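Q: Shown below is the structure under consideration.
The values are calculated or read from the model by the stated rules, or taken from the named source; none is laboratory data. Keep in mind the model is a prediction, meaning the values are calculated, not measured. No Cβ is skipped: glycine too gets one built from the backbone with ideal geometry, and neighbour counts run over all protein chains shown.
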Amino acid sequence: MSDATCVWFQRSDHSGFWRRLAACLIDAAVVLGLIYAVAALLQRAVGPTTQPTAPVQRSFGMLLGAAGLMLVFFALPYHVGMRLSAGGTLGYRLVGQRLIDFKGQRPAFGAILKRFLLSLMFPAIYLVLIGLMMSQQPAGASQPKSSPTATRMLVGLPLMALLFSGMFASYWTVVRDFRRQAIHDKWSRTWVIRANARPAGAGRLVERAWVLGPVIKAFWDVDPVEPADAAGAVRAPQAAAQESSVS
């Protein structure tokens, strides 16, 4: 990569934890709303079924398949397609932030896709775990004391809590990181800044190590070119080495 077009931003220009979390929740609500609306229309078109209730295993197998289709037809076009536009997703527009690369421009399609795929890690783990747990139940087992709905709630609620805890922990790295990057930002070499932020000056690419427990991951960062700018960046080199370490 060339340093010729690199730019850097002050830490205050990078979008903080609560702003980013608000954008995430808004975008999640939009996608879930679209999925619910389409599901309601399909259910109305098909009409009520007269078949007996399917076994729990089959129900959750259908759930996993439906979740995969929903991600392909709703979440991926929304998150990837909208971020390729000038304003970003609806959540980004409402909270006033934008996604950039090391040039201060909208990232390329490949970087946005990588970022989105990593953000699916916790939902994917949730679906796999819940599918494996429900598959342990014998296919012919009777369920006189509990309905499939109650079983879904008993198994799903703790796993849903685990899912949101993992997502919260992923975004919590924004608080400790000097550039306020989450894990998927570092992996895709992207940054989230305020919509009205302007570059503080020319930058240069540097490679740093990010420590997450026993895992050490190298990533690209942007530092000021001029020594005077580096002084105004407020402890950037030292803080990046210290605050990127998560124990």
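Q: F168 passes all but one of (1) in contact with a strand residue (DSSP E or B) (Cβ under 6 Å, 6 or more places away or on another chain); (2) at pLDDT below 85; (3) surrounded by fewer than 17 Cβ atoms within 10 Å (Cβ to Cβ); which number fails?
A: So the condition that F168 fails would be (1).
Q: Consider Q10 carefully, then state whether it is of a type in the set (S, T, N, Q), surrounded by 15 or more Cβ atoms within 10 Å (Cβ to Cβ) and modelled with pLDDT of 80 or more.
A: Details: of a type in the set (S, T, N, Q): yes; surrounded by 15 or more Cβ atoms within 10 Å (Cβ to Cβ): yes; modelled with pLDDT of 80 or more: yes.
In short, yes.
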